[in-house]
Every structure is written in C-alpha cells, then in structure tokens.
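Single-structure report; data block below.
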Amino acid sequence: MKNIWDQAKSTIKKRISVHKYKMWIEPVEFKEKKESAVVLSCPNFFIKKYILAHYGSLIESELTRISGKKCDFLLDISEKKNIPKKRRSRKPEPETLQLSLPDIHAQKSRGRLLRRDFTFDRFVVGGNNDFAYSAARSLADQKGPNQSSLFLLSETGMGKSHLSQAIGHHIMSRYPSDRVYYITAEDFMNEMIQSFRNNSTDHFKEKFRRQCDVLLLEDVHFLTGKERTQVELALALDHLFDADKKIIFTSCYSPADIPKMNDQLRSRISSGLISGIEPPDFKTRVKILQKKSRENGFKIPKGITDYLASELLENVRQLESGLIGVTAKSSLMRRPIDLSLAESVVKNIVQHRKIITTDTIKEVVCKHYNISTKEMVSRSRKKAIVWPRQMAIYFARKYTDHPLQLIGKSFNRYHATVIHSITAVEKGLKEDAIVRKQVEYLSGKLGDGNF
C-alpha cells in the first residue's frame, strides 16, 4: 500500500508548484492501511489542517485513481512531536480526521454544519467591520420583531460567513428551542429540485416556511437567472417575514448588482439592514494575526507579525495563509521565525499576484485548452470555447483587482455573464474532481509565474 502513496505523491508533484510540494506534500508519509482508507502522517496539527483544507480533494482523487476504487484517506500526526506540550491547547485535537470532515466539526444546525470556530468571541472587530459586527450581534441578541433581516456584503475572505454562522451559534446557545437552518443558495435550489422529482414539494415548503425560526442563507447571488428557485425562495421569505423570523443573507454582490433576479426576491433581500465589510486596515490585520497566533499556540515575534500585516493586504484568508506558512516552514526546516523566513513565505504569496494580468491569464488558459485568444473572446457558445472562457474569467477575478465590469469588457461579455462564469467554476470545484485538478494545475502555473 505504501506504493500507492508514492505514486500519488509523484503525480501531485507535477500538478502543484515546487515550493508548495516541498512544504506541504513531501513531509507526508504512508503509515498504514485501515479498512477502506489509507492512513498518512504529517509532522504537526497545523500542517495537517492546511493539507486537508487545500489538498484534501486532490489527494483523495489521486488515491482513488491509482487504486481503481473509492479510496478515502486519514491524516494522523506523526509520533515525532515538534510542538512542546506547553503550546498545546487545553483541549487536544483528535489524532485522526476524516477527509470528508476537515476542520469544520461543529454544533449541528438544520442543513449544513456550523463551523465551531465561527463564533462572536473569535471574530476580530476593527474599523472595517465594526458596523457589520454590531448589526449581527444585535440581531442575534434580540427576541422579537425589532430587527428581522441582515444582508452581509463583502468580497471573499472578509468574514461574512463567520458573522452569519456566529449568529446561528449564539441563537442556538441562548434560545435552544429556536430552529436554525443554515444553507447555501445552491443547496436550497438542489433541495427544491429534488422535492419536485420525489413529489415531496409540500414537505419542502413546510420546512422552509413554517419549521424555521432563523434562516442563514449563504451566497444568495448564486441564484442569478434561476427563475423558478427565485420564486420559491421569495414565497418562503414572505412567510418568514410575516412570522417575524430572522433571516441572514450573505453575498459578494449587493442586491442591486445581482443580475437576472426578479423584483419580488430583490425586494425581499433588500428589505432589511445591508452591511458591508471592507478589507482590514493595518491595525486590524495585526489584531487578527495576534488572535490567530494565541488560538493556535504560535509564538510569533512582534516584528514578524507587523511585517506580515504590512505585506498581506487582501483579506483574512491571506493573513491566515501567511501565518500558517511561516509556522509550518519554521517547523519543517527547524529554523527560528525570523524576517528572512517570513519574507520567503510572503514572496510566494504575493509577488505573482502583482504581475498577473488578464492578458497573461488568457494566454495561459488558451494554451492549456488549445484554443486561440480570438476564439476565447468571440461570441462562440461551443463547449470547447465556453469552459476555457469561464475558467479565464474565474482566474481574472481571483488574480487581478479589476472590477467585474472591466473583466467582462476584457472578455467581450456582460456583467451577468461574468458572475455566471465565476459561479460555474466555483460549483465545479465543489462537485467535480476533474475541475479541481484543472484549477489547481492552472493556479500553479499562474502562481509560479510559469507563463
């Protein structure tokens, strides 16, 4: 069975950048075969957490491909502990964590699980998000019709999902009898479609209209163009609003900017308080790094924390990536956390983001799919053209600072098509291992500057 992991590592090495492979995959070793799963081991919990979050699906798909059948994997902490006991948290993490359940074991709501760490006490408040935090806290605390709806608006990685789920945790803790339902807009649509197929629409409508006290609806912009789903959701919202139930929406786009949304639904999601979350300023970035360090038992010199905060400007996820990268590299290479080490980690995170352009993205994607740039920006609706175009639009959103309108103009497409393209790729990432491989491969090419 060790040979399976050796083969998988060899393939993964070709699909991701060299520095990422050496930092995250190379230290992972085969441990044993346990029932239908391969058990691997890594040096410490922090590396384990990062691997499961960023490479879990890739590892599973490669093990399945090589073994010729469904093959899960478990990731253990190796017996060689690199972290002194005094740095451990009081509640030890479980030694083994299923791939299908990465670090999101949580208090159970109806629908999806709430992340256990997405609570109010673990949210860092700053000038960029203080109003959104206050609004979320107020809605969670109130029992009654004073405030029934909140729309949290921000780019990816700014904390809107954290605040939304924090509301759910708080309400379930303070009002245990309240029925909290946490679901994405995509899951809502899929559940509705399934109810039609199974002739169970009455049950579906009853659940969302009369068996829900708090609805946490993520990524409402996903419903752009989904007319039938929009109608059903608007009707469900009518019932919830009339009954003074609480509803929290999250989205990367304001209600007014979501295209192909009927007026009835747009009116419902716009009827409450709309609160934006901006990128954190330097002071808040420092607070975030300090809090994450305390929670994870990291000891980061103040100068390094300030350096990371001054260089990693985009969002909270980028800050977390830098923090994990610094601690992981220090642990793997047995080096102290100093400025040169931090600079090497930050360089890999931010340098290529500054030079990647839309034209560069087109060039890389066109070369991979063997089409011309002219074909990509044409009006062609052939699948062989549409999918590469959607991938390029997704990467333009990810790697450039251009607004959606400018991205659309670059690809000769409307604003609505840009959103649809991004959503299509994001859906593929969740559901299709082949799409995940394509995105990981192209991300590696772009991230390494290997144009």
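Taken residue by residue, the stretch 355-374 has at least one member that is over 20 Å from Val425 (Cβ atoms) and in contact with a helix residue (DSSP H, G or I) (Cβ under 7 Å, 6 or more places away or on another chain). Summed over the stretch 410-445, the residues that are among the charged types (D, E, K, R) and at pLDDT 90 or above give a count of 1.
Looking at the structure I just gave you, is Ser251 of a type in the set (Gly, Ala, Ser), over 24 Å from Gln165 (Cβ atoms), surrounded by 14 or more Cβ atoms within 10 Å (Cβ to Cβ) and in contact with a His (Cβ under 8 Å, 6 or more places away or on another chain)? Outline the logic, then answer.
On the way: of a type in the set (Gly, Ala, Ser): yes; over 24 Å from Gln165 (Cβ atoms): no; surrounded by 14 or more Cβ atoms within 10 Å (Cβ to Cβ): yes; in contact with a His (Cβ under 8 Å, 6 or more places away or on another chain): yes.
It is false that Ser251 is of a type in the set (Gly, Ala, Ser), over 24 Å from Gln165 (Cβ atoms), surrounded by 14 or more Cβ atoms within 10 Å (Cβ to Cβ) and in contact with a His (Cβ under 8 Å, 6 or more places away or on another chain).
Listed here are the residues, each with its yes/no results for (1) among the β-branched types (Val, Ile, Thr); (2) in contact with a His (Cβ under 7 Å, 6 or more places away or on another chain); (3) closer than 19 Å to Ser340 by Cα; (4) assigned by TED's automatic domain parsing to the domain that holds Phe131.
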site	(1), (2), (3), (4)
Lys287	no, no, no, no
Asn296	no, no, no, no
Lys299	no, no, yes, no
Lys302	no, no, yes, no
Asp306	no, no, yes, no
Val316	yes, no, no, no
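If you check Ile393, Ile407, Ile422, Ile385 for being more than 28 Å from Ser57 (Cα to Cα), part of a helix (DSSP H, G or I) and in contact (Cβ under 8 Å) with a residue 12 or more places away in the chain, only one passes: Ile407. Taking residues in the stretch 202-230 that are among the charged types (D, E, K, R), and partners anywhere that are crowded, with 18+ Cβ neighbours inside 10 Å and outside any helix (DSSP H, G or I), the pairs with Cβ atoms closer than 6 Å and at least 6 places apart or on different chains are Asp213/Lys245; Glu218/Thr184; Glu218/Thr250; Asp219/Thr184.
The rows are residues; the columns are (1) assigned by TED's automatic domain parsing to the domain that holds Asp238; (2) at pLDDT 90 or above; (3) at positive phi; (4) of a type in the set (Lys, Arg).
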residue	(1), (2), (3), (4)
Gly159	yes, yes, yes, no
His162	yes, yes, no, no
Ser200	yes, no, no, no
Val214	yes, yes, no, no
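Of the residues that make up the stretch 15-36, is at least one assigned to a strand (DSSP E or B) and in contact with a helix residue (DSSP H, G or I) (Cβ under 6 Å, 6 or more places away or on another chain)? There is at least one residue in the stretch 15-36 that is assigned to a strand (DSSP E or B) and in contact with a helix residue (DSSP H, G or I) (Cβ under 6 Å, 6 or more places away or on another chain). Could you go through the stretch 411-422 and let me know if any residue there is surrounded by fewer than 16 Cβ atoms within 10 Å (Cβ to Cβ), out of contact with any Asp or Glu (no Cβ under 7 Å at 6 or more places or on another chain), at positive phi and not β-branched (Val, Ile, Thr). Scanning the stretch 411-422, I find at least one residue that is surrounded by fewer than 16 Cβ atoms within 10 Å (Cβ to Cβ), out of contact with any Asp or Glu (no Cβ under 7 Å at 6 or more places or on another chain), at positive phi and not β-branched (Val, Ile, Thr), so the answer is yes.
Return the residues of the stretch 254-302 that are surrounded by fewer than 19 Cβ atoms within 10 Å (Cβ to Cβ) and among the hydroxyl-bearing types (Ser, Thr, Tyr); say none if nothing qualifies. Within the stretch 254-302, Ser254, Ser267, Ser270, Ser271, Ser293 qualify. Ala132 fulfils the conditions (1) at pLDDT below 90; (2) in contact with a helix residue (DSSP H, G or I) (Cβ under 9 Å, 6 or more places away or on another chain); (3) among the hydrophobic types (A, V, I, L, M, F, W, C) except for a single criterion, (1).
Out of the residues in the stretch 336-381 that are in a loop (DSSP other than H, G, I, E, B) and at pLDDT below 90, which is surrounded by the fewest Cβ atoms within 10 Å (Cβ to Cβ)?
If we filter the stretch 336-381 for residues that are in a loop (DSSP other than H, G, I, E, B), which is where we start, we get 336-338, 356-357, 370-372, 377-381.
Applying the additional criterion that residues be at pLDDT below 90 yields 356-357.
Values: Ile356: 19, Thr357: 14.
Looking at residues that are in a loop (DSSP other than H, G, I, E, B) and at pLDDT below 90, I get Thr357.
Only one of the numbered conditions (1) in a helix (DSSP H, G or I); (2) without any contact (Cβ under 8 Å) to a residue 12 or more places away in the chain is not met by Ala53, and that is (2). Taken together, the residues in the stretch 206-229 that are over 23 Å from Arg179 (Cα atoms) and either surrounded by 20 or more Cβ atoms within 10 Å (Cβ to Cβ) or not β-branched (Val, Ile, Thr) (or both) amount to 7.
Identify, please: which residue in the stretch 118-143 is among the hydroxyl-bearing types (Ser, Thr, Tyr) and under 17 Å from Arg174 (Cα atoms) and is, among those, surrounded by the fewest Cβ atoms within 10 Å (Cβ to Cβ)? Don't jump to the end; show me each part of the working.
We begin by selecting, within the stretch 118-143, every residue among the hydroxyl-bearing types (Ser, Thr, Tyr); these are 119, 133-134, 138.
Retained after the next criterion (residues that are under 17 Å from Arg174 (Cα atoms)): 119, 138.
Details: Thr119: 19, Ser138: 13.
Here the residue is Ser138.
The values are calculated or read from the model by the stated rules, or taken from the named source; none is laboratory data. All values reported here derive from a predicted model rather than from experimental measurement. Note: ideal-geometry Cβ built from the backbone for every residue, glycine included; neighbour counts use all protein chains shown.
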